[in-house]
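**Q** Can you keep this structure in mind? I'll have questions shortly.
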2 protein chains.
Amino acid sequence: MAHSHDHHHHEARPDLTRNQDLVLRTLNGADAPLSAYDILDRLRDDGLRAPLQVYRALERLIEAGLAHRLESLNAFVCCADAGCHEKASGTAAFAICSKCGRVDEFTDPEVGERLAGWAGVQGFALERTTIELRGVCQGCRTAA
Amino acid sequence: MAHSHDHHHHEARPDLTRNQDLVLRTLNGADAPLSAYDILDRLRDDGLRAPLQVYRALERLIEAGLAHRLESLNAFVCCADAGCHEKASGTAAFAICSKCGRVDEFTDPEVGERLAGWAGVQGFALERTTIELRGVCQGCRTAA
DNA sequence: TTGCGTCATGTAATAACGTAACACAGATCG
DNA sequence: CGATCTGTGTTACGTTATTACATGACGCAA
């Protein structure tokens with residue numbers, strides 16, 4: 001059962017290395033996607049010097065289902081929910097606001113099923129799916 | 001009515017500039033996505049020198065619905081069908097083979113509707129959608 | 001004709017994103 | 001002990017994309 005300290009921040013995960021933990025905390029603390037170089041800049045004071053240190057950590061975090069890469073932005077975000085990779089809840093989709101840069105993660109099982117269905121029919125061995133919507137979010141539209 | 005010269009190649013489009021036409025022909029002649037620099041290399045003999053010349057042409061071609069950018073590859077392909085942007089046939093999706101690099105473009109109206117539906121409910125003004133599947137195509141699987 | 005706006009072009013320089021290659025330290029296991 | 005595995009740190013480099021500026025061709029109005 002999940003313990004009840006689900007307050008957006010997370011305690012250090014025992015299975016993360018120092019660099020991975022630093023990068024994950026940085027993503028958690030950001031309110032918009034960060035590029036690898038953004039992350040690096042924010043972690044200079046913690047001793048990180050080279051892009052590769054960040055890219056390696058990101059690679060692990062994504063494998064572990066704790067972060068996502070946004071392909072259309074060349075940037076990274078932490079997962080909205082823990083374990084959003086592992087669930088059968090469907091492929092994660094992202095709505096990215098062109099104005100404010102905020103990203104909203106959601107899933108639509110039907111969409112995942114349709115795409116998986118297409119792959120099945122075609123004999124395409126599906127490994128991963130990217131779904132990204134670009135547009136202007138509610139907040140920015142009404143604020144305009 | 002469409003004239004009947006639909007033989008994969010296209011005649012020069014009257015509304016394209018020289019650079020745009022060169023880039024489109026290059027994409028048409030390729031059997032896999034090309035990066036902007038790949039395109040540039042293939043067009044050196046035609047006088048192109050700088051990346052920007054290619055990026056500018058690509059930008060127009062994409063606006064005009066004649067080419068697509070594959071975000072997860074940082075590469076470009078020509079459209080499978082003329083006018084695949086303009087139709088209500090739904091958002092284009094791409095299946096990209098990790099082995100051979102081939103790309104298959106398809107649309108699933110249901111998927112487009114579900115995503116547009118989400119956007120509607122959220123008040124998100126949808127401008128464009130990226131759907132990219134990564135995996136191994138039928139041909140490469142059986143050849144393995 | 002001249003002057004003006006617009007659009008495509010050409011060029012150089014640089015920014016932003018990502019990786020290869022190598023060396024080292026600590027853990028684990030025979 | 002040595003072998004191996006994983007993470008780390010560092011340099012250098014490769015790839016992708018943009019900024020800034022200058023030029024040339026065209027339509028159009030004064």
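Throughout, read-outs are computed from the coordinates displayed, never taken from laboratory work. Everything quoted here is computed from the prediction, not taken from an experiment. When we count neighbours, we look across all protein chains shown, and the Cβ atoms used for this are built from the backbone with ideal geometry, even at glycine.
**Q** Charges only on Cβ, +1 for Lys and Arg, -1 for Asp and Glu: so what's the dipole of the protein assembly as shown about the Cα centre, in debye to the nearest 20? If you can, show how the numbers build up before the last one.
**A** Values: 32 positive and 42 negative charges, 134 e Å.
Charge dipole, the protein assembly as shown, about its Cα centre: 640 debye, nearest 20.
**Q** Only bridges with both residues in segment A:92-143 count here: give the DSSP antiparallel percent, nearest 5. Walk me through the intermediate numbers first.
**A** Details: 5 of 9 bridges.
Just about 55 percent of them are antiparallel.
**Q** If you don't mind, another one. Divide, for chain A, the radius of gyration over alpha carbons by 2.2 N^0.38 Å, where N is the residue count.
**A** In units of the 2.2 N^0.38 Å rule of thumb, it is 1.14.
**Q** Could you pull out the longest piece of chain A with no exposed loop GluC sites (Glu not before Pro) in it, calling a site exposed if DSSP puts it outside H, G, I, E, B and it has at most 16 other Cβ atoms within 10 Å? Display every interim value, and only then the final one.
**A** On the way: sites that count: A:GLU11, A:GLU86.
Longest gap between qualifying sites, sites excluded: A:12-85.
**Q** Rounded to the nearest 0.05, what FRET efficiency do B:ASP45 and B:ASP15 have when you use their Cβ-Cβ distance and R0 = 25 Å?
**A** Values: r = 25 Å, r/R0 = 0.99.
Calculated value: 0.50.
**Q** Can you divide the C-alpha Rg of the protein assembly as shown by 2.2 N^0.38 Å and report the result to two decimal places? Intermediate values should be presented prior to the final figure.
**A** Values: Rg = 20.9 Å, N = 288, 2.2 N^0.38 = 18.9 Å.
Normalised by 2.2 N^0.38 Å, the Cα Rg of the protein assembly as shown equals 1.11.
**Q** Averaged over its residues, how many other protein chain Cβ atoms are within 10 Å of peptide A:130-143's Cβ atoms?
**A** Values: counts 11, 9, 7, 13, 7, 8, 5, 5, 5, 2, 3, 3, 1, 0.
Going residue by residue through A:130-143 and averaging, the value is 6.
**Q** So how long is each side of segment B:92-143 along the principal axes, counting just the alpha-carbon atoms, biggest first, in Å?
**A** 46, 16, 13
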